[in-house]
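Here the structure is laid out as structure tokens; the discussion comes afterwards.
Derivation of every value follows stated rules applied to the coordinates shown; laboratory data play no part. These numbers were taken from a predicted model, which means no experiment stands behind them. In this analysis, Cβ positions are derived from the backbone assuming ideal geometry, glycine residues included, and neighbour counts consider all displayed protein chains.
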Amino acid sequence: MTVVIDLHQLQEQLRSHLQSRQLWQTGDLLTLLAHGEAHAIFRLGVDRLVRVAVNTPNQRFGGDLGQLTAFEWTILHYLKGARLSHELLGAQLEPRDDFPYTYLITNYIAGEPLNYSRPQLRHCAETLARLHRLPLQPGYAQVQQLSPPLKQVNYPLTLFFQESQAYAQPYLEFSEADSDIVEMLKAVLAKAEARLAAESLLSEYPHQCLVHSDHTYENWVVGPERAYLVDWEWAEIGSPAGDLGHFLSPVTLCRREGYRMPATDRQFFLAAYYAALGDAALAETVRLHFAAFGAYPALRSLCWTAGYWVTANRWYAEHDGSSAIERQQRWQDSQQWFPQLWAEVMTLLEEPLP
């Protein structure tokens, strides 16, 4: 259940706590930057962020804020020095009497959210290539041994298909469901089920790595020279094609003001990514993974969207501010965009297999 947070009170509690822990420097300002369903993010001074866990909509953490923060701490600790995300500067992994929340302190990354221009697409492609080849680099091979452990996805087509069915079910059972959308959901699930045999390609050509799994444009910070990924709560160990598929999913893309990516830009991004891998054998492996698996992140997001119309909690109605208003508008827009998104996901599922 989502808890309504008094952001002003939270900010004052955090300010007092940081001062008492000598994490406050004279003259520092503490400014709220963003408030989502899971975190309230504050800028501390000019060069730091404090990411406070206030809710856990991600079911993998069972409502435990400490687990959420420890998980992201583990990811950032693994990525130390890779220049792919924030650098850890401090943390509180257990609630304390003077501040009953967990948090991470990181550096502040200057940049802007992803706008899908070609220069930004190149930066994102290069960042994902660095992330996906990371287990082949000295010091980063131990991703399977991280603690707390990350979810390892060995059969992603099967898993994503099953999750898609589960996400769609509330809408399929909804007494006021639009019959056209019901038929769309049934059709897209049937087409995805017919492609499940392609999963064998991923075991025939294995490569697993840390994957981010949530490429909404707000989770990218893009500067003049490179792009960074933030917000790792959905990270897991799996096929790099999952990241590519989510990044290019029409459902993900439309979250930025209904954006539709031209086919030429999609090919530009993939070409930049494969070139940035710098390894012909790895590039061929990922191409095979993407051909088999790349449509399934879009399928899952599409089905989640329909189910969310029914199961959405009232976070949007219970919070104000620009972040809440923008998210509520996106949720409403998705109902208008759904038929076109469905058609695009169907097209992805019709692309030929190797």
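Going from the alpha-carbon gyration tensor of the range 27-69, what semi-axes, largest first and in whole Å, does one get by taking the root of 5 times each eigenvalue?
On the way: eigenvalues 120, 17, 7 Å².
Gyration-tensor ellipsoid for the range 27-69: 25, 9, 6 Å.
Quote the Stokes-Einstein diffusion coefficient, in whole µm² s⁻¹, for the range 183-229, based on the Kirkwood radius over alpha carbon pairs, a temperature of 10 °C and a viscosity of 1.306 mPa s.
Details: Rh = 14.4 Å.
Approximately 110 µm²/s, per Stokes-Einstein.
Angle, helix 7-20 long axis vs. longest principal axis of the chain, Cα atoms, 0 to 90°, nearest 10?
Roughly 60 degrees between the two axes.
Pull out the extension gain between Ser203 and Lys191, defined as 0.36 nm times the separation in residues minus the alpha carbon to alpha carbon distance; nm, one decimal. Numbers along the way, then the final one.
Values: separation 12, 0.36 × 12 = 4.32 nm, distance 2.20 nm.
Separation in residues times 0.36 nm, less the Cα-Cα distance, equals 2.1 nm.
Assuming R0 = 35 Å, what is the FRET efficiency of Ala166 and Leu33, from their Cβ-Cβ distance, to the nearest 0.05? Show your work: numbers first, answer last.
Working: r = 34 Å, r/R0 = 0.96.
Rounded to the nearest 0.05, the efficiency is 0.55.
Largest first and to the nearest Å, give the Cα extent of the range 99-148 along each principal axis.
Answer, in whole Å and largest first: 40, 36, 14 Å.
P(r) of the range 143-232 in 5 Å steps, Cα pairs, percent per bin?
Taking all Cα pairs of the range 143-232, the binned fractions are 2, 10, 14, 14, 16, 16, 14, 9, 4, 1, 0 percent.
What FRET efficiency do you get for Leu93 and Leu136 if R0 is 22 Å and r is their Cβ-Cβ distance, rounded to the nearest 0.05? Don't jump to the answer; show the numbers that get you there.
On the way: r = 30 Å, r/R0 = 1.37.
E between Leu93 and Leu136, to the nearest 0.05, is 0.15.
Can you sort Val345, Val52 so the residue with the fewest Cβ neighbours within 10 Å comes first?
Working: Val345 26, Val52 23.
By the 10 Å Cβ count, ascending: Val52, Val345.
For His215, His8, His17, which order do you get if you count the other beta carbons within 10 Å of each Cβ and list the fewest first?
On the way: His215 25, His8 9, His17 20.
Least to most surrounded, the residues fall as His8, His17, His215.
Relative to the present Cα-Cα distance, how much length would full extension add between Asn115 and Asp265 at 0.36 nm per residue of separation? Spell out each step's value before the answer.
On the way: separation 150, 0.36 × 150 = 54.00 nm, distance 1.24 nm.
Gain on extension, Asn115 to Asp265, equals 52.8 nm.
How big is the C-alpha Rg of the range 118-349 next to the rule-of-thumb value 2.2 N^0.38 Å, as a ratio? List each step's numbers first, then the result.
Values: Rg = 17.8 Å, N = 232, 2.2 N^0.38 = 17.4 Å.
Rounded to two decimals, the normalised Rg is 1.02.
Quick one: pull the percentage of alpha-carbon pairs in the range 7-107 with a separation above 23 Å.
Values: 1097 of 5050 pairs.
Considering the range 7-107, 22 percent of its Cα-Cα pairs are separated by more than 23 Å.
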